[in-house]
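Report on one structure; see the data block that follows.
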């Protein structure tokens, strides 16, 4: 670079010409640019340091936050399916135990202990099993136990502080139970082969015989009433029972 | 004047702590719910439940309690065992009377034999046997 006045050689840092003293405009511009670049450099350096320091301070917390958010989603999903998981565990336990308990259940049935059968069956959740050969017998036995239970309250109503409404309710339940016992094939017609194998029919017959005798002895029904239960509505049956036990 | 500086908690830390508490509560209740569903809702009865029905002559209720309180791992106290025997005595008495009045004496005798078995287990409730028969046979 040369001086525009004397043609002498100028350096980029020379503010004036060392030969004639003329000011060097290029040097002034250069210094101004350099000052601007230094300022920008300093600002960028500061920002980089600042950001690096934030990550250093909060990096582990951010990781924990992300993990917690994932865990939160997992927890919400677990809440939503918790009942299904618990139910599935019960069902699997019932399946596992059924093999060992079959002898116990069969023993109760052979002894005619239908109440114990129902109690044991229910306590061990066997009603949760989809392929259950005892299902129909259990339904009949459960209704049979309700009949037994009601004998005491029908025969001794004062001891139960029964109101007329209570007697009506009881007679309604009795009618439903009697109807259930005598219409099992109809109720389970879709899966009757699966739920009522031939080996179980003997127990159904026995429960029906007992139910019939209980109904005629304690609930005032006649043998003809019992025989017509499958064709009678539960409402009609309840009315007959209520009329007979009230008289 | 003393220069007091207050320790200011980072908002990020506060969010993390709140989230952590929510997650713990969420998983805890989910596990409790699974456990409860897996255990089922089988009713549990104590001696008072049995004794109330037995002493008040509510044999139907006693029978119901006895059946609901069955399970393979259940053990019973001596007084509960007596109440349970009374419940089954009541069942056999109902059947014995029903078969007897219907003229099925063979089966009635079989039920009577089982009544005797349960009667021998009644212990301090032995006097209740007559009351059961009175309720069932006469009302």
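Each value in this text was obtained by applying a stated rule to the coordinates, not by laboratory testing. Predicted, not measured: the structure shown is a model, and the values here were computed from it. Because the Cβ atoms are built from the backbone with ideal geometry, glycine has one as well, and the counts that use them run over all protein chains shown.
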The Cα extents of the protein assembly as shown along the principal axes, largest first and rounded to whole Å, are 150, 60, 43
Most fluctuating of A:78, A:196, A:69 in the GNM of chain A (C-alpha, under 10 Å) is A:69
GNM of chain A, Cα pairs under 10 angstrom: of A:193, A:212, A:59, the biggest fluctuation goes to A:59
Exposure proxy check on A:17, B:83, A:6: fewest-to-most Cβ neighbours within 10 Å is A:6, A:17, B:83
With -39,500 (n - 2.57) per DSSP H segment of 4 or more residues and division by the full residue count of the protein assembly as shown, the 222 nm estimate, nearest 500 deg cm²/dmol, is -25000 deg cm²/dmol
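Taking other Cβ within 10 Å of each residue's Cβ, how do A:214, A:154 sort, fewest first?
A:154, A:214
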Per-residue average of other protein chain Cβ atoms inside 10 Å, peptide B:57-69 -> 6
Under a Gaussian network model of chain B whose springs join Cα atoms within less than 10 Å, the largest fluctuation of B:101, B:24, B:80 belongs to B:24
Normalised per residue, the volume inside the convex hull of the alpha-carbon atoms of segment A:86-186 in Å³ amounts to 132 Å³
Normalised per residue, the volume inside the convex hull of the alpha-carbon atoms of segment B:68-119 in Å³ amounts to 80 Å³
Cβ density ranking, 10 Å radius, fewest first, applied to A:54, A:219 yields A:54, A:219
Rounded to the nearest 10 degrees, the helix A:25-111 long axis (Cα) sits at an angle to the longest Cα principal axis of chain A of 10 degrees
Each label sits 7 Å from Cα toward the beta-carbon; between residue A:168 and residue A:40 the label points are separated, in nm, by 9.5 nm
With Rh as the Kirkwood radius over Cα pairs, chain B has Rg/Rh of 1.49
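So for segment A:105-152, averaging the separation of alpha carbon pairs under 8 Å that are six or more residues apart and normalising by length, what relative contact order in percent results?
The normalised contact order for segment A:105-152 reaches 39 percent.
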Helix A:164-182 sits off the longest principal axis of the Cα atoms of chain A, rounded to the nearest 10 on a 0 to 90 degree scale, by 90 degrees
In whole percents, the bins of 5 Å from zero upward hold the Cα-Cα pairs of segment A:98-247 as 2, 9, 19, 21, 18, 14, 10, 6, 2, 0
Per the 1/(1 + (r/R0)^6) rule, R0 = 30 Å and r from the Cβ atoms of residue A:52 and residue B:14, FRET efficiency to 0.05 is 0.80
